[in-house]
1. Can you run down the residue pairs with Cβ atoms below 8 Å, 6 or more apart or on separate chains, where the first is in segment 22-35 and touching a residue at least 12 places away in the same chain (Cβ under 8 Å) and the partner is exposed (fewer than 13 other Cβ atoms within 10 Å of the Cβ) and part of a helix (DSSP H, G or I)?
2. Working only within segment 14-40, note down all residues that are modelled with pLDDT of 95 or more and of a type in the set (G, A, S).
3. Given the condition among the hydroxyl-bearing types (S, T, Y) and at pLDDT 95 or above, answer yes or no: does some residue in segment 72-85 qualify?
4. Of all residues in segment 5-16 being charged (D, E, K, R) and either in a strand (DSSP E or B) or free of Cβ contacts under 8 Å to residues at least 40 places away in the same chain (or both), which is farthest from V75 (Cα to Cα)?
5. Take the residues in segment 51-102 that are small (G, A, S) and not in a helix (DSSP H, G or I), then tell me which one is nearest to the chain's Cα centre (by Cα).
6. Output the qualifying pairs, or none if there are none: Cβ atoms under 9 angstrom, residues six or more apart or on different chains, first residue in segment 41-54 and surrounded by 13 or more Cβ atoms within 10 Å (Cβ to Cβ), second residue part of a loop (DSSP other than H, G, I, E, B) and of a type in the set (S, T, N, Q).
Amino acid sequence: MIAWGLRIRVPSEKRDEIQRIFRSLLEPARVRGGCLACRAYQDIEVPEVLALIQEWASSDDLDSYTRTEDFRRLVAVMELASEQPQIWFDTIETREGLERLRARLGTAAEPLRQPWR
C-alpha cells in the first residue's frame with residue numbers, strides 16, 4: 001500500500017474555492033481501481049491549511065492516478081498556495097488498528113470497550 005498527502009496553506013480568500021475543488025476530487029478518486037481511501041481535511045488551528053490524503057493499493061495504481069486530469073487539477077491548486085506545499089509519499093507494509101492497541105495496553109485497555117456500538 002502507498003499513501004500520499006498534500007498539505008497546503010492557501011490565502012483565506014481562496015480557501016472556499018480550494019475546498020470545493022478538493023471535495024470535487026474525492027469521489028472520482030475513490031471509485032478508481034486501487035484507491036483505498038481519499039480524504040480532505042482542514043486544520044482546526046489554522047483554517048487556511050488544507051490537506052488531501054489518499055491511500056492506494058499499489059504504486060502502479062497511484063502512478064495511474066497521477067496521469068489523470070483530476071491530478072492535474074491538484075497540481076494547479078498547489079500553485080495557489082501562499083507558501084510551499086508539503087507533499088509526502090509513504091509505503092506501508094502492514095496496518096493494524098484497535099486490536100493492536102488493546103494487545104499493547106493489556107488490562108489497561110478496559111476503557112476501550114467500544115462505547116460507540
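1. Filtered contacts from segment 22-35: G34/D60.
2. Answer for segment 14-40, where residues must be modelled with pLDDT of 95 or more and of a type in the set (G, A, S): S24, A29, G34, A37, A40.
3. Let us first name the residues in segment 72-85 that are among the hydroxyl-bearing types (S, T, Y), namely 82.
Remaining after also requiring at pLDDT 95 or above: none.
The answer is no; no qualifying residue exists.
4. Here the residue is E13.
5. A51
6. Once the first residue is surrounded by 13 or more Cβ atoms within 10 Å (Cβ to Cβ) and sits in segment 41-54, its partners that are part of a loop (DSSP other than H, G, I, E, B) and of a type in the set (S, T, N, Q) give E48/S82.
The values are calculated or read from the model by the stated rules, or taken from the named source; none is laboratory data. Computed from a predicted structure; not experimentally measured. Here Cβ is always computed from backbone atoms with ideal geometry, including for glycine, and neighbour counts include all displayed protein chains.
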